[in-house]
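Participant: Handing you a structure now.
The values are calculated or read from the model by the stated rules, or taken from the named source; none is laboratory data. Quick caveat, the model's predicted, so the values are computed rather than measured. For neighbour counting, all protein chains shown are included, and Cβ atoms are generated from backbone atoms with ideal geometry for every residue, glycine included. Protein only, heavy atoms only, side chains kept; ligands, DNA and RNA dropped before computing areas. Shrake-Rupley method; radii C 1.70, N 1.55, O 1.52, S 1.80 Å.
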Amino acid sequence: MAAARQVLVISGAGVSAESGIPTFRDAMQGLWSRYKPEDLATPAAFARQPEVVWQWYQWRRRLVVDAQPNPGHRALAGLQDCLPGMLLVTQNVDGLHQRAGSKDVIELHGNLFENQCSASDCRHMAPNTDLEATTPPLCPSCGALMRPGVVWFGEGLPEAALARARQAASGCQLLLSVGTSAVVYPAADLAWMVKRTGAVLVEINPETTPLTAVADFVFPGPAGEILPAILRALCPEPSDGAHT
Ligand code: BJW
C-alpha cells in the first residue's frame with residue numbers, strides 16, 4: 001500500500017458493524033424480524049407498502065444518529081491523510097465515514113439522510129428533517145410521496161459516482177475491499193475490474209466472500225482491528241495522537 005500511487009478502498013456494511021449498525025444481511029431485529037432487507041429495499045416494496053418501508057428507514061436513521069464512527073472508520077480517514085492517492089468509495093448510506101473525517105467519499109448507494117421524490121418525472125431531492133414521522137412526506141415540488149434517497153435493487157446507481165469509481169478502479173495499483181459481502185453489483189464489479197488489470201486486491205472480512213479466493217492478501221478479521229493496525233504500520237503517528 002505504501003508503494004501504490006493510487007489506492008482504491010471500497011467499503012461495505014461490515015465497517016459500520018462495530019458501531020452497532022446491523023449489516024444489510026444480518027438478521028433483522030425486533031419489530032423488523034419478520035422482514036428480509038432484500039424485500040424492503042425495492043421500488044416495488046415502496047409502491048406496495050410505503051409506510052412500512054418508510055418506518056424501516058426511519059428506524060435505521062435513528063440507529064445511525066445515535067451511533068458513533070468506530071476505529072475502522074477513523075483509521076480509513078487517517079490513511080487518507082497519509083496516502084494522497086487514496087480514494088474511498090462506499091456502498092454505505094450511513095455517513096459514518098464522513099463523520100470520522102474521510103473526505104471526498106463516493107457514495108454509490110445514496111444517503112440515508114436525503115429524501116427523493118418517488119415520481120420518476122420529478123426526483124426532487126431534499127434533506128430528511130424529521131426522524132419521528134411515521135409516514136413519508138409529500139414532495140414540495142409535485143405532491144408525490146418522498147422516499148429515502150438511496151439506491152434500491154433494480155435502480156441505476158448515481159452516474160457520476162459510478163463513473164468516478166470505475167475510473168479509479170481502472171487506474172489503481174491496489175484495491176482494498178473492506179466489510180462487504182461483494183455480492184451486490186455493479187459495486188462488486190470494481191474488485192473484478194481491478195483483478196483484470198493485474199493490480200493488487202486486498203480483502204478485510206471475518207467471513208469469506210466471492211473475492212476471498214482471488215484476493216492477493218486476506219485479513220480475516222474485523223475492520224475495527226485490522227484497519228488501525230494497517231494505519232499504524234503505514235503512517236507515522238500524527239502529533240494529535242489521532243491513531244489511537
Ligand atoms: C465485517 C464485519 C467487521 C461483518 N469487519 N467485515 C450482476 C449479476 C447479478 C445480479 C446483478 C448484476 N448486476 C445487477 C444485478 C442486480 C442487483 C444485484 O446485485 N443483485 C445481487 C444481490 C444478486 N443490483 C442492482 O439491482 C443494482 N442496480 C442495477 O444494477 O440496476 C441496473 C440499472 C441500470 C440502469 C438503469 C436502471 C437499472 C442496485 C443495487 C443497489 C443496492 N442497494 C442496497 C440498499 C441501499 C439502501 C439501504 O441500505 O437500504 O445497498 S442493497 C444492500 O447491499 C446495500 C448495500 O450497500 C449493499 C452491499 O451490501 P454490503 O455492504 O456488502 O453488506 P452485507 O450485509 O451484504 O455484508 C456485510 C459484510 O461485512 C459481510 O461479508 C460480513 O462478513 C462483513 N462483516 N462484520 C469487517 N466487523
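Participant: Would you tell me the accessible area of Met1, worked out with a 1.4 angstrom probe on the heavy atoms of the protein chains, in Å² to the nearest 10?
Facilitator: Surface open to solvent at Met1 totals about 50 Å².
Participant: If you don't mind, there's one more thing I want to ask. Taking H as built 1.01 Å from N, whose amide H comes closer than 5 Å to the amide H of Asn115, not counting residues under 5 places away?
Facilitator: Ala126, Asn128, Gly149
Participant: So for the chain, averaging the separation of alpha carbon pairs under 8 Å that are six or more residues apart and normalising by length, what relative contact order in percent results?
Facilitator: Relative CO of the chain lands at 24 percent.
Participant: Relative to the longest principal axis of the C-alpha atoms of the chain, give the angle of the C-alpha long axis of helix 50-66, reported between 0 and 90° and rounded to the nearest 10°.
Facilitator: Relative to the chain, helix 50-66 is tipped by roughly 40 degrees.
Participant: May I pose another question? Would you mind telling me the share, in percent, of accessible area of the range 1-80 contributed by carbon and sulfur at probe 1.4 angstrom?
Facilitator: On the range 1-80, the fraction of accessible area on carbon and sulfur atoms equals 52 percent.
Participant: Can you list the GluC sites (Glu not before Pro) in the range 194-229 that are in a DSSP coil and have 14 or fewer other beta carbons within 10 angstrom?
Facilitator: In loop regions of the range 194-229 (DSSP not H, G, I, E or B), the sparsely surrounded GluC sites (Glu not before Pro) are Glu207.
Participant: What is the Cα centroid distance between the range 83-107 and the range 223-238, reported in whole angstrom?
Facilitator: Between the Cα centres of the range 83-107 and the range 223-238 lies a distance of 17 Å.
Participant: I would also like to ask the following. Restricted to Cα positions, what overall size does the range 1-120 have along the principal axes? Three whole-Å values, descending.
Facilitator: 51, 33, 20
Participant: Quick one: give the max-minus-min coordinate of the C-alpha atoms of the range 172-244 along each principal axis, largest first, in Å.
Facilitator: Principal extents (largest minus smallest coordinate, Cα): 40, 24, 19 Å.
Participant: Cα axis of helix 223-234 to longest principal axis of the chain: angle in degrees, 0 to 90, nearest 10?
Facilitator: 40
Participant: For the range 68-115, just say rounded, prolate or oblate: build the C-alpha gyration tensor, square-root its eigenvalues into a ≥ b ≥ c, call rounded for a/c under 1.5, and beyond that prolate if a/b exceeds b/c, oblate if not.
Facilitator: Oblate shape, in that a/c is at least 1.5 and b/c is the bigger or equal ratio.
Participant: Let me know the Rg and Dmax you get for the chain when you use only its Cα atoms, in Å.
Facilitator: Final numbers for Rg and Dmax: 18.3, 54 Å.
Participant: Okay, moving on. Against the longest alpha carbon principal axis of the chain, how many degrees, from 0 to 90 and to the nearest 10, is the axis of helix 71-82 turned?
Facilitator: Here the helix axis deviates by roughly 60 degrees.
Participant: Something else: Give, in whole angstrom and from largest to smallest, the semi-axes √(5λ) of the equivalent ellipsoid of the range 25-83, with λ running over the eigenvalues of the Cα gyration tensor.
Facilitator: Ellipsoid half-lengths, sorted descending, are 31, 13, 11 Å.
Participant: Carbon and sulfur: what percent of the range 129-178's accessible surface (1.4 Å probe)?
Facilitator: C and S fraction of accessible area: 55 percent.
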